[in-house]
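Visitor: What follows is a single structure, and I will ask about it in a moment.
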Amino acid sequence: MQQELQSRTGKECLSLTAVHEGLKVGIRKNGFKYSVRDDRSRFFYPNEWERFIVQIKPEKRLLFDTLIQTGARIEESLNIKPRDFDWARNNLILRVTKIKARKNERVGKARTLPVSSQYIRKVKNYINENKIGDDSVLFPISKQAAWQMMRRALKRAGIVDDWNFGLHNIRKTHGNWLKALEVPAEEICLRLGHDFDTYLKHYGSPNVFDRKDKMLMIKILGDVYGFR
């Protein structure tokens with residue numbers, strides 16, 4: 001089944017073919033591939049995350065740990081450097097953030113967020129093992145390479161609707177988990193760099209998770225916000 005659709009910019013026509021329920025793929029006029037998901041709100045349940053993360057090679061795993069631990073966008077995570085950590089306070093400063101043109105921003109606003117002591121230990125070990133300088137990026141990898149790594153791991157983990165996931169869905173997972181663990185909405189908004197309307201629009205009901213799910217979330221996220 002094919003249908004002609006416009007891109008999100010509305011400037012070029014795409015020929016899209018349905019390949020899964022809820023997913024269409026096609027090629028732009030410039031030759032680049034393009035995909036459209038009907039549902040972009042899919043998140044990981046904690047047991048799915050555990051199945052997924054072990055499929056990432058240990059030496060590459062910290063990038064995905066960073067995404068789930070912080071809720072940072074992939075572009076923000078790829079710009080993190082050792083100097084961005086406050087080791088004494090278990091804080092991380094995201095210095096390179098999304099520029100919100102609709103709010104007349106010319107540069108993204110830096111965000112400082114707490115992270116768990118467990119995550120801090122992983123970062124310190126990673127920096128020491130890889131001899132990363134204080135002003136060098138932690139993850140010298142492209143967004144596309146990270147996505148391909150994720151895609152392969154989703155398939156190996158047996159996530160049946162793997163096509164519903166992108167790197168941004170890890171950010172949605174982080175926000176949904178914090179909501180389920182009763183972190184105040186204003187704190188989640190500050191952490192993710194959202195306004196309240198965006199938070200209400202993109203993060204679902206915490207009641208979809210059961211007690212076992214919440215215990216696994218705490219195990220994965222560690223002691224950030226004093227989770228026990």
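Visitor: When both residues are 6+ apart or on different chains and their Cβ atoms are under 8 Å apart, which pairs have a first residue that lies in segment 143-171 and is touching a residue at least 40 places away in the same chain (Cβ under 8 Å), and a second that is in a helix (DSSP H, G or I) and of a type in the set (Lys, Arg)?
Guide: The qualifying pairs are MET149/LYS60; ALA157/ARG51; GLY158/ARG51; ILE159/ARG51; LEU167/LYS143.
Visitor: Is it true that GLY175 is of a type outside the set (A, V, I, L, M, F, W, C) and part of a loop (DSSP other than H, G, I, E, B)?
Guide: no
Visitor: For ASN169, work out the one condition from (1) assigned to a helix (DSSP H, G or I); (2) of a type outside the set (A, V, I, L, M); (3) out of contact with any Ser or Thr (no Cβ under 9 Å at 6 or more places or on another chain) it doesn't fulfil.
Guide: Among (1) assigned to a helix (DSSP H, G or I); (2) of a type outside the set (A, V, I, L, M); (3) out of contact with any Ser or Thr (no Cβ under 9 Å at 6 or more places or on another chain), ASN169 violates only (3).
Visitor: Give the residue that is least open to solvent (accessible area, probe 1.4 Å), with candidates limited to residues of segment 125-151 that are in a helix (DSSP H, G or I) and of a type in the set (Phe, Trp, Tyr).
Guide: Initial filter on segment 125-151 (in a helix (DSSP H, G or I)): 125-130, 143-151.
Those left that are additionally of a type in the set (Phe, Trp, Tyr): 126, 147.
Details: TYR126: 36, TRP147: 63 Å².
Here the answer is TYR126.
Visitor: Only one of (1) modelled with pLDDT of 95 or more; (2) in contact with a Phe, Trp or Tyr (Cβ under 7 Å, 6 or more places away or on another chain); (3) surrounded by fewer than 18 Cβ atoms within 10 Å (Cβ to Cβ); (4) not charged (D, E, K, R) fails for LEU167. Which number is that?
Guide: Result: LEU167 fails condition (3) only.
Visitor: Out of LEU154, LEU221, LEU216, report the one residue that is touching a Pro at 6+ places or on another chain (Cβ under 9 Å), within 21 Å of GLN55 (Cβ to Cβ) and surrounded by 16 or more Cβ atoms within 10 Å (Cβ to Cβ).
Guide: LEU216
Visitor: Right, here's the next one. Quick check: anything in segment 181-194 touching a residue at least 40 places away in the same chain (Cβ under 8 Å), charged (D, E, K, R) and part of a helix (DSSP H, G or I)?
Guide: Scanning segment 181-194 turns up at least one residue that is touching a residue at least 40 places away in the same chain (Cβ under 8 Å), charged (D, E, K, R) and part of a helix (DSSP H, G or I).
Visitor: For ALA180, state whether it is open to solvent by less than 60 Å² (accessible area, probe 1.4 Å), of a type outside the set (D, E, K, R) and touching a Phe, Trp or Tyr at 6+ places or on another chain (Cβ under 9 Å).
Guide: Working: open to solvent by less than 60 Å² (accessible area, probe 1.4 Å): yes; of a type outside the set (D, E, K, R): yes; touching a Phe, Trp or Tyr at 6+ places or on another chain (Cβ under 9 Å): yes.
Spelling it out, ALA180 is indeed open to solvent by less than 60 Å² (accessible area, probe 1.4 Å), of a type outside the set (D, E, K, R) and touching a Phe, Trp or Tyr at 6+ places or on another chain (Cβ under 9 Å).
Visitor: Now for a different question. Hey, does segment 199-212 have a residue that's more than 16 Å from LEU67 (Cα to Cα), open to solvent by 50 Å² or more (accessible area, probe 1.4 Å), among the β-branched types (Val, Ile, Thr) and in a helix (DSSP H, G or I)? Spell out the reasoning first.
Guide: Kept after step one, since they are more than 16 Å from LEU67 (Cα to Cα), are these residues of segment 199-212: 199-212.
Keeping just the survivors that are open to solvent by 50 Å² or more (accessible area, probe 1.4 Å) gives 200-202, 205, 207-208, 210-212.
In the following step, the residues that additionally are among the β-branched types (Val, Ile, Thr) were identified as 208.
Now narrow it down to the ones that are in a helix (DSSP H, G or I): 208.
Yes.
The values are calculated or read from the model by the stated rules, or taken from the named source; none is laboratory data. What you are looking at is a predicted structure, and each value in this text was computed from that prediction instead of being measured. Note: ideal-geometry Cβ built from the backbone for every residue, glycine included; neighbour counts use all protein chains shown. Areas reflect the complete protein model, heavy atoms only, side chains present, ligands, DNA and RNA absent. Shrake-Rupley method; radii C 1.70, N 1.55, O 1.52, S 1.80 Å.
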